[in-house]
Amino acid sequence: MSVPTYEELMLPFLEALGELGQASVATMREAIATKLSLPQSAQEELLPSGKQGKFASRVGWAKTYLSRAGLVTTVSRGVVELTDAGRAYLNSNPVTVNKDALLQFDSFRRWLAESNTGISSEPKKVNAQELPHEQLSPEEAIADGYGQLVAALADEVIETLLGVQWQRFEEIVIDVLQALGYGGNRAGAGRAFRTTGDEGVDGVIDEDPLGLSKVYVQAKKYAVERPVGRPEVQAFVGSLLGKKSKQGVFITTSKFTNEASAYAESLSDLRIVLINGRTLAQLMINSGVGVAEQDRYIIRRLDRDYFEQ
């Protein structure tokens, strides 16, 4: 028996989770394998890279798609349960669950758009009539798959950030800024204050390797549905003025309201950069902070100049 595709695992995932109530992903794999009578050899089959089990990978992707459709939620580290929408959907007795079926959910369409276009705060609309994956050219399929991998990893990064202590979150924020080149490699070029705040700021980092000017940082670890509003950005601006600084970075795991963004853009004497959760996750992925390389694929093309010499 071959390993089911991640789409074929979506309905068993929902059914098993409906029976268990709450379960770890490892428990879910066992429950799904039992439900499908999947032999041990299929459960242990590896991906071509040899670094991950094919069944475990596909169960993980089934979870990702169902989560982005709002049917499954993470209640604690590695533990999931059905949402109200997930229970209602399961109670409707769907015959099959796949990507096309999940397009009825707004959150899934938004996420799929982000994975098709990169991390964006304004994703394009998804056309349900786009070519199926098997009809894409190899280059298109790779690009499509890579986009979904990055979008899924960004979700994991944000979810993990929400689970760390606020002191650790502030340290991570400083690490990201240093990875972007602020402060150079000089020891002590950036630091989190590790207190409830130092006159309204959470950290500071040198703007240049010599430390001639400083950038103050505000970091808010908020749930995705809890946006940062204008009053909080105004308070940060007041803190910067108190430190006689004209530049700062406000970072959150959630997002900023339109009023907060408009206020930051309207400032003339100060420069405030607002970084939301999606952008923070993308910066961490791009700079290698909190993520590790899993696989590497090199695509080569024919060098015609070589043959014509």
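The values are calculated or read from the model by the stated rules, or taken from the named source; none is laboratory data. The shown structure was predicted, so the numbers you read here are calculated from the model rather than taken from an experiment. Don't worry about glycine lacking a Cβ; one is built from the backbone with ideal geometry, like all the others, and counts go over all protein chains shown.
Where the second residue is part of a strand (DSSP E or B) and of a type in the set (D, E, K, R) and the first is assigned by TED's automatic domain parsing to the domain that holds LEU103 and lies in segment 52-73, which pairs have Cβ atoms under 8 Å and are six or more apart or on separate chains?
Matching pairs, first to second residue: VAL72/GLU81; THR73/GLU81.
Residue by residue through segment 72-86, note down the ones that are within 11 Å of MET28 (Cβ to Cβ) and either surrounded by fewer than 21 Cβ atoms within 10 Å (Cβ to Cβ) or of a type in the set (S, T, N, Q) (or both).
Once the filter is applied, which keeps residues that are within 11 Å of MET28 (Cβ to Cβ) and either surrounded by fewer than 21 Cβ atoms within 10 Å (Cβ to Cβ) or of a type in the set (S, T, N, Q) (or both), segment 72-86 yields GLY78, VAL79, GLU81.
If you go through segment 243-252 one residue at a time, do you hit one that is at positive phi and assigned by TED's automatic domain parsing to the domain that holds ALA179?
Checked against the condition, which is being at positive phi and assigned by TED's automatic domain parsing to the domain that holds ALA179, segment 243-252 yields at least one hit.
Consider segment 225-264. How many of its residues are aromatic (Phe, Trp, Tyr) and over 11 Å from ILE275 (Cβ atoms)?
Total meeting the criteria: 2.
Of all residues in segment 14-25 being of a type outside the set (Asp, Glu) and touching a helix residue (DSSP H, G or I) at 6+ places or on another chain (Cβ under 9 Å), which is modelled with the lowest pLDDT?
Result: VAL25.
Looking at SER2, SER76, SER41, SER37, which is the one that is among the small types (Gly, Ala, Ser), farther than 24 Å from LEU112 by Cβ and not assigned by TED's automatic domain parsing to the domain that holds VAL97?
SER2
Give the residues of segment 294-309 that are more than 22 Å from PRO138 (Cβ to Cβ) and not in a helix (DSSP H, G or I), sorted by residue number.
Answer for segment 294-309, where residues must be more than 22 Å from PRO138 (Cβ to Cβ) and not in a helix (DSSP H, G or I): just GLN309.
When only residues in segment 127-173 that are hydrophobic (A, V, I, L, M, F, W, C), assigned to a loop (DSSP other than H, G, I, E, B) and closer than 22 Å to PHE108 by Cα count, which is modelled with the highest pLDDT?
To start, the set of residues in segment 127-173 that are hydrophobic (A, V, I, L, M, F, W, C) comprises 128, 131, 136, 141-143, 149-154, 157-158, 161-162, 164, 166, 169, 172-173.
From the residues that got through so far, the ones that are assigned to a loop (DSSP other than H, G, I, E, B) too are 128, 131, 136, 164.
Now drop any that are not closer than 22 Å to PHE108 by Cα, which leaves 128, 131, 136.
Values: ALA128: 38, LEU131: 45, LEU136: 62.
For segment 127-173, the residue satisfying everything is LEU136.
Which residue out of ALA62, ALA33, ALA69, ALA16 is small (Gly, Ala, Ser), surrounded by 18 or more Cβ atoms within 10 Å (Cβ to Cβ) and in contact with a Lys or Arg (Cβ under 8 Å, 6 or more places away or on another chain)?
ALA16
What's the total number of residues in segment 43-60 that are among the hydrophobic types (A, V, I, L, M, F, W, C) and at pLDDT 90 or above?
So the answer is 3.
Provide a single number: the residues in segment 264-282 that are in a strand (DSSP E or B) and buried (at least 17 other Cβ atoms within 10 Å of the Cβ).
3
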